[in-house]
Each structure stands twice: as structure tokens, then as C-alpha cells.
Amino acid sequence: MSIVKEVENTDTPVAVAEVVLECPVQKSIKEWGEFLEEKMCAKCHPCMLGSYEALDMLKRLAEGEGSDSIISHLDRIATDMLMGSRCKKGKDVAKTLKEALNESRDELVEHYEKGLCRHMECTALTTYIINTDKCTMCGDCLIACKYAAIAGEKRTGYALGYMPYRVRQKRCVKCDACREVCPVDAVEVFSGGAG
Amino acid sequence: MSDKLVTMEIDGLTVQFPEGMNLVDAARSVGINIPNLCHLEHMRGVGACRMCVVEVEGMRAPNTACTMKTKEGMKIKTDSEQIKDLRRMVIDLILSMHPLDCMTCPKAGVCWLQDLAYQLDVKDSAYGRKSFDFEIDDSNGFIERDPNYCILCGKCVRVCTAQNTNILEFMGRGVGSKVTTERDKPLNETDCTFCGSCLDACPVNAILESGRRLKGREWELFKTDTVCTLCGAACPIDVSEKDGKVVKITSPKPNAFICAAGRFSYDSLAAKNRVTTPMIRSNGELKETSWVEAIKVISDKLASARSNPAKVGILASAAVTNEDAYMLQKLGRAVIGTNNVDSTASLYDTSTVPAYQKAFGKIAGAERCITEADLIIVLGMNASQWSRTLPAIDAKIRKQVSGGAKLIVLDPAEIKLAEVATKHLKLAEGTDTSALAALMAVLVKEKLVNKNRANKAKGLADVRNAASSSDVAALCAEAGLSEEDVKEAAELIAKSKVPMLFYSTGVSAKDNGVDTVLQALNLSALIGGQVLPVGLEANMAGVAAMGLSPLTLPGFAADGKKLAKAWKTDLPEAAGIGAREMLNGGLDFLYGVGDLPVSEGYEKPAEFVVAHVTHMNEFAKTADVVLPSPAFVEQEGSIINYYGRMKMLWSAVEPAADVMAPWQMAAELAESLGYKTKVDILDDVTEEVEKLALPPEKTTQTTSVITPSKGTGSGLAASGSMMTLSGSVIDASKVSELMRQAVTA
């Protein structure tokens, strides 16, 4: 999901995290968020009012809220914006949503029907769990986690009786730091159903 | 908009329209109402709300009608399923952020959003309800702003910008944006002139009259279409009344201007200094009396005064109606036997009547409307919304310039209107005849205007010859202008299609005003334009046509034969005196009507003075008899406005006082002196006016070569105005201050 890449054309090589999104909901949220912040001129009603509503609905979808009416509302907004917007910018952003609705409708529906984000990008729908079978209790994840969401004791040699490493769900923000750091891929991500 | 017609198809209907007409306006003219929220008549469309989208054959996607113009062979469909869907969605989205308040909202019944929601059958919003809890601005007593109702159509911003007052603007972007003033200040802390153009523009309840909520529902109000008589612009107004009280005054035409005085000063109808009954002075005090008693006292005095008719005078303000003016001058000429009848117009305009009589035989009008003008020339007119001098004309000119028209200002001073002028010719004081001659010389010599363009006028060949043999350099030097400036102005004129020239007291009050007006008429004849003489009072043209002047007879008649026959009496021979002499004193009897401009501490101008006024003003304070008169929305009759068009005034409310109109009083006095008038009701006067006082219908212009001269003097200052507020004539520059005091008190 996230790639670290080297940025060229600078004096010192800098590693920048470039996020490539795959979940259609997250992609749309990013696009529409940027649109509302920068590109939208906010002069014509369908675009100005419609994009605000659409972003609101997409964000709710990312939280797993919604029903069939949300999809039909989004469809309506996208269709009407595509037809009625004053300029190409509005029409373009509407087009991407329309395409997402046409190609990946089932992925969107999964979000509220099953609470499932297939690409594990909608953080409200993902859960991080440490697989205790694989965990070697090295403690790297605890160090990596900035939010004190990992609880556990580093295993030292022969001592018996230890606290298994576990994710404290209330603190976890799904930043993926622990999973990246784990040397044995013990951190697993789940989505959908009662996580 | 050109005069060429194009054929096109709308919804299957084949129609012809002038080419280049706005599509929404064009469709409306054939009964097809394309729904819209942000369209303003006479202004460029912006296509913001997207409600007016229509399907155009040959275009891939539907496009907004307000940004399209009529073209040959266009085929459009104004409705379809997908269009309806878009319209419903826009209304739906707007409703989600609009207080669903129709139960108590004062706009119910005239609300565009309500109408469109009804037409498109949108009951409630499918989207989440949003409220931004904006603060209401009710800081002044005139305009209330409630941004919670705002649908962000931008019409108020556009009208305020087009007339260059620039008070309202969008703050923020998108859904949470708000229409407000600079730094979100309340209106009375800005330069707002409270003209209320935004009031008329707002389709919903976001901008409303202060106190409107409690005064009745729209369908309970009875609207009367009449004319405001407070200044020379004579704006048409719609007076809404309920239970005999004025509720609000609005503009009957979309996107037309009324100033704050015309819109909000109706509470002066019940002001404390309103004259409510006739009063007679005894022992230095004014005592209330009856009409019968008052008429008896006046007619007794008049019966003895008429033995010396040269010492009797009748003076009215030029804001009285035609019927008033006609009967007053008839009282003077037919009954008393004096030509001392005049209106206050001669205090600031001594040129229009003699000049027009020479050129047309009457005060001719303009056939076209300012909204068609693509070039406006302003000569000696300091119209300004900010000093409230002819504010409507200032707003109209600025709106035209905002829409692309060119403006040439000829004025020695840096008047406010010059800030939007394409060319400001700062000529030397009084040299208008030279400047205009220079323009004509350049136009003819450089062949910038051809003969086809000219209006039909006798003597134009002489004028043209004189222009072609003039010394442009000398004329420019006389006028204090550079040849380059004059050439640029002439080129602007050459490129125009509908030129219009306005002039006012800066020209007409000078001693060479007659020549200047004639010269302006020459120029307009050459370039195929129209001239509009603008007076400071509403009925300047009408009172002159009715003969309320020592210099003219009713209908601009050349001699009094027809009148003498109809009136069954000889007309007086001795020349009459004018307003200035009458007000300076020396008469035995003076009958003054309306707001006569006298300053504080004014001394009584005659032995016996009758003041027929609406409010106790300086003139009435020393009068022997004071009579109540109908005030500005209570008057009924006709006036002739500065376009030369006759406009009807209809009484919107019953007078708030026991009044008698001046025409009635004149008839009563005539009868009491033994003259049979045959006048019972207003229609009788109208009939007589139609028979005897209407100027000839069609006259051809006569032009004559004018020798340029330098003029001096000016009657009433060109920048002052005769606007009145609760009865006293005050300096126009004080009006803004007084209004601010009134609302913060």
C-alpha cells in the first residue's frame, strides 16, 4: 500500500513516503478533498453544493456507514455534476466518481454491508492483530508504535510467564508501522465482519 | 441586441427574435419560462445556478440558456428528463442548507425557491440538513440581511457591483460562503447608500426590508404602480399597502433602480410636521380651520388683489402633476388675468424650454431607453448616488458602463461619474458650445459620421457646412481641451450605434444655456442620437408643457387664440415675472404650492401668502394660510418625465391628512371668483388637458448654426438637489448624514 521511494533532483537523496491508494473510497475522498480545497471555483451550484455532500457521504462510507441510498445519492450527484457543471474541472472530478461507481460498485457496497475494505485502506474498517503463533516477542513493534498501542514484554531468554504482545485496539490508529517493522510478519490486518 | 431578426425553434415552436438577445429573456417573451435563480435581466448571464440548462441541437451536453444568445437556426428544448433531474438536484441541494421556514417567512408567495420547488415537486431535501447559524444584520432601519436564507445566487453582488457601489461580496468559498460586506461589518458601518437594489434582486428572504416580517403576507398587500416624485429621475415604483398603510416600496421592473429616499421615506407621510388641516394665521399664530373657511378667506383676498393682476403670483414646485400645473396657470391667466405663473424649474433651468421650443416647438422626448445605449455623453450633470443627486440616473449610467457601454463626460470638475468615464473632457467653465462645436468639426472633417446616420432635421446641411469649415484648433483652445482628446472622443462617437446625451443644470442654468442645448441638439442630430434634458424635479417637462411659466402657454401654443376661445376670456397681455422675482418679494398675493426652496429665516415674499404644502417647511412658516396637499404616493395625476414620456401617478394610499390637490384648490378658487370651470373630478381636468395642453405629436427637429460663446453663472448649484425629507428642503449632501442619525437614534 505504501511505497518508500527516493526522490530525484535534490542535492541530498530524500526518502519520501508516497502513498498510492487503491480503495475506491479512499481514492475518491482524496480527490474530492483536494478538489474542494484547491481546484473548485465554487461558483456553480451543482458542483459547489454537490461536492460538499459527496465528500461527506464518501467519508461516512469510509467509516462503514451507509445504505443503498448513499450509493444512489453519489450516483445522482456524479451524473448531474457531469452534465451540469459549469467547467471541465467539476466534470472531471465527477467523471472519476462515476467510473468508480460503475467499475467498483461492489467494493463500495462491501464497506457498509460487510464493513469490509478490501484494500485495507479505510482505517475505520481495519483491525490490526498480532498473530501470537508467529510472534517472537522481539519488541520491535512496541518501539515502532508511536501511539503506545502495543502492549507486551520483551522476551528475555529463559523467563517463563510473559505478557503476549497484543494490539491495544482503542489506541491503534492503523498507521501500519508495526506491520512494516515486524521481522516475521506476525502483524495481520483484517477487515469485514466483527473484526 | 441588433435589429436583425433570426428564426429559431424553442420546444417545437418556430419563433423570430432580434439577434443576440439573451435566450432566457427571449423565451420569456413568448411565454416559455425557463426556470432560473441567478439570471438578471439586461445583464450578462453567469451560468452559476445551472437551473436554466436547455438541450441545444448539435451540442453534446445541455448548456445554460442565460449565457446563450439567440442565433439563426438554433433549436432548443427547454425540458427533458435529464434536465429535470439536474434542476431537482440543484433545488434539493439548496433546500438542504435553507431554513424550511415557509410558514412564517415574509417571502412566501414571491419566493423563487418556493416556486421552483413547487414546479419541480421537491418536498424536502434528501441530503443532510445544514445550518451555518449566521448572524443577522439588522443594524439599520432600512435593509435587514439574514445570510441563513441565502442561496448563493450572487444577484445582489452583481447588481451592487454593476452600479459601482461595491458593498456586497462573497466571503469564503463553497457551501459555507456568505454574502457580506467588507470585513463582515454591519451595513451601517459601510458606504452603503441603502438604495435597496439588492432587496429587489434577492429571490429569497436573505435580504429584506427592515421590519417586513410583521407587516403582512405578500398576498395581503395591494400593489399600486405609480411614480416617485422626489427628484428629477421620476422612477417608477410599486407601492405595496395593507389596511391603508404603506408596507414597502419596490421597483416594478426587474433590475431597475430606486434610491433610499424613494424606497424608504414613506414614513414621512405621517411625520410630526405633516400639515393635516387648513390653518389660518391670526394674531401671529396658525389656527386650525375648515376648508370652507380657508377658501373664503383666500378668495376674499384674491377678489381684492386681482384688481392689480401684476401684483398677484402663482408659484408651484415642478414636482406637482400636470393637472395641478394646468389648473394653476389657468387660475392665473383666465381668472386673475396675470402671466405671473411659474414653477421652481426656472430657478435651475432657464434653457431647456426656449431651446426646445426653437428646435422642436415642444420638449421632445427620447424614443430609445438607456438600456440600449452603447455610448453615453454626460454634459453638465453631476448625478451621484452618494450625494443623492439624481441617483437613479447615476446608477443607470454606471450599469450601462459595467455592461460595456462607453461614457464621455464633459465637465470642468472632477465629478464622481468621471471615474468610470472612457473619456473625461475637462473643458473650461462655460465653454460647452465650443467643445461641442469642436467635436462636431472633428466628426465631419474626418468623415467619422456619414449622412445616413443623422436624424432627420431641417438645416442640418448648414450645421454640417459650418462644422466642416470650423477651426478645430481654435475651438479646442477656447474650450481648454487638447485636439487629441477631442479626436479620441469623436472616435468613440463614431464607433457607437446608439448614442445618448444627458444634460442638466451644469448647462441649463448658465446664461448661454440656450445655445448650449441647441448645440447639443445639433450634435445629436448629426450622430443619430437622443438628448435627454434632466431637471432636478420630477415634472420639469410637464409643468412647462402645461404652461406653468410666464414664457410658455399650454401645449407650447404659439399664440393664445385657441386658448382664449376655449377659456371664454382674453388672455393677459403684460409679460409675467418668474419664480426668482416672486420669491424675492414685492407681491400683494402669492399662492405657493409644494416645496419652494427657501432657506431658514426666510422673509415673507408678499402681503398675503398662501402655502399649499405637505409638511410645514420654511415657506409655510411665514404664510397667512397653510393648506394640506397630497404627498408623494398619495398624488394622482400625470407627469412628463425626462424621457418626455407621460407617466400616470396613481394614489397608492388615502392621504394621511384632510387634503385637497392643487388642481382642486385652483378650481375652487376660480369658482369662488365667478369663473365656471366645469371641473368636478380629475378626469375633467385630464380631458381639458388633452384638448388644449398636449404638445403637437410629431415635429421635425430644426437645427441652426450656433456661434460658440462663453457662459457664466449658475442658478441653483449643479451639485445641490431639491430632494426633501419630511418636508424641509435641505442640502443633498446632508441627506446621508441625516439618514444615519435617524437609524442609530
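The values are calculated or read from the model by the stated rules, or taken from the named source; none is laboratory data. Bear in mind the structure is a predicted one, so any value in this text is a computation, not a measurement. We place every Cβ from the backbone using ideal geometry, glycine too, and count neighbours over all the protein chains shown.
Against the criterion of being at positive phi and at pLDDT below 90, A:Gly90 does not qualify.
The residue that is surrounded by the fewest Cβ atoms within 10 Å (Cβ to Cβ), among those in segment B:92-135 that are among the basic types (Lys, Arg) and either within 13 Å of chain A (Cβ to nearest Cβ) or within 21 Å of A:Ile77 (Cα to Cα) (or both), is B:Lys123. For segment A:29-45, residues that are more than 12 Å from chain B (Cβ to nearest Cβ) and either in contact with a strand residue (DSSP E or B) (Cβ under 7 Å, 6 or more places away or on another chain) or aliphatic (A, V, I, L, M) (or both) total 1.
Look through B:Glu634, B:Glu618 and report the one residue that is modelled with pLDDT under 90 and assigned by TED's automatic domain parsing to the domain that holds B:Thr321. Break it down stepwise before answering.
Working: B:Glu634 fails: modelled with pLDDT under 90.
The match here is B:Glu618.
Taken over segment B:40-62, the criterion of being in a loop (DSSP other than H, G, I, E, B), within 13 Å of another protein chain (Cβ to nearest Cβ) and surrounded by 15 or more Cβ atoms within 10 Å (Cβ to Cβ) is satisfied by B:Gly45, B:Val46, B:Gly47, B:Ala48, B:Cys49, B:Arg50, B:Met51, B:Cys52, B:Pro62.
Residue count for segment B:663-702 satisfying the condition of being assigned by TED's automatic domain parsing to the domain that holds B:Arg333 and of a type in the set (S, T, N, Q): 4. Residues that are closer than 15 Å to B:Pro254 by Cα and surrounded by 17 or more Cβ atoms within 10 Å (Cβ to Cβ) were ranked within segment B:27-39; the one that is farthest from the other protein chains (Cβ to nearest Cβ) is B:His39. Per the conditions (1) closer than 20 Å to B:Gln530 by Cα; (2) modelled with pLDDT of 90 or more; (3) surrounded by 19 or more Cβ atoms within 10 Å (Cβ to Cβ), the sole criterion not satisfied by B:Ala364 is (2). Note on segment A:13-124: enclosed helices (runs of 4 or more DSSP H) holding 3 or more residues that are free of Cβ contacts under 8 Å to residues at least 40 places away in the same chain, farther than 30 Å from A:Cys172 by Cα and among the hydroxyl-bearing types (Ser, Thr, Tyr) are A:68-84.
Scanning segment B:153-173 for residues that are under 24 Å from A:Cys47 (Cα atoms) and touching a residue at least 40 places away in the same chain (Cβ under 8 Å) yields a count of 6. Pairs linking a residue in segment B:289-303 that is under 15 Å from B:Val659 (Cβ atoms) to a residue that is part of a helix (DSSP H, G or I), with Cβ atoms under 6 Å and 6 or more positions apart or on different chains, are B:Ile295/B:Glu668. For segment B:635-654, check the following and say yes or no: at least one residue is touching a residue at least 60 places away in the same chain (Cβ under 8 Å), farther than 14 Å from B:Thr321 by Cβ and part of a helix (DSSP H, G or I). No. Looking across segment B:72-89, the residues that are surrounded by 14 or more Cβ atoms within 10 Å (Cβ to Cβ) and farther than 16 Å from B:Gln119 by Cα come down to B:Met74, B:Lys75, B:Ile76, B:Lys77. If you go through segment B:388-411 one residue at a time, do you hit one that is crowded, with 23+ Cβ neighbours inside 10 Å, part of a loop (DSSP other than H, G, I, E, B) and out of contact with any Leu (no Cβ under 9 Å at 6 or more places or on another chain)? Scanning segment B:388-411 turns up at least one residue that is crowded, with 23+ Cβ neighbours inside 10 Å, part of a loop (DSSP other than H, G, I, E, B) and out of contact with any Leu (no Cβ under 9 Å at 6 or more places or on another chain). Answer yes or no as to whether B:Gly154 is more than 14 Å from chain A (Cβ to nearest Cβ), within 30 Å of B:Thr371 (Cα to Cα) and modelled with pLDDT of 90 or more. Here the answer is no, as B:Gly154 does not meet what is asked.
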